[in-house]
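Have a look at the structure below, then the notes.
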Amino acid sequence: MNIDWAALGTVFGVSLVATVALVGLFTLGIVGLSRQPEPAQGGQAGGSLMLARAGAYVCFGLCAAAVAYGIYMIVA
């Protein structure tokens with residue numbers, strides 16, 4: 001029985017990078033949704049809050065797309 005260590009290392013590296021990227025995107029999404037309006041900012045806080053919420057939804061969408069692509073790769 002021979003083990004292809006180069007292929008095993010490649011799979012480990014890609015899995016590590018993908019995991020860190022997905023966790024990072026999900027964390028950015030959580031941070032974006034946890035933003036609260038600051039009462040002292042006035043009208044500008046609403047735009048910043050909307051931008052943070054939109055960015056959070058984009059992060060969650062990218063996470064969902066990556067998971068769907070991974071499932072597609074496993075099934076195909």
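The values are calculated or read from the model by the stated rules, or taken from the named source; none is laboratory data. Quick caveat: nothing in here was measured; it's all calculated off a predicted structure. Ideal geometry is used to build each Cβ from the backbone, glycine not excepted, and the neighbour counts take in all protein chains shown. Note: accessible area is taken over every heavy atom of the protein model, side chains too, but ligands, DNA and RNA are not part of it. Shrake-Rupley method; radii C 1.70, N 1.55, O 1.52, S 1.80 Å.
Points worth noting:
- Against the conditions (1) open to solvent by 50 Å² or more (accessible area, probe 1.4 Å); (2) of a type in the set (Gly, Ala, Ser); (3) modelled with pLDDT of 95 or more, Gly43 satisfies every one except (3).
- Output for region 27-36, where each listed residue is surrounded by fewer than 15 Cβ atoms within 10 Å (Cβ to Cβ) and assigned to a helix (DSSP H, G or I): Thr27, Ile30, Val31, Leu33
- Failed item, numbered, when Ser48 is tested on (1) open to solvent by 90 Å² or more (accessible area, probe 1.4 Å); (2) at pLDDT below 90: (1)
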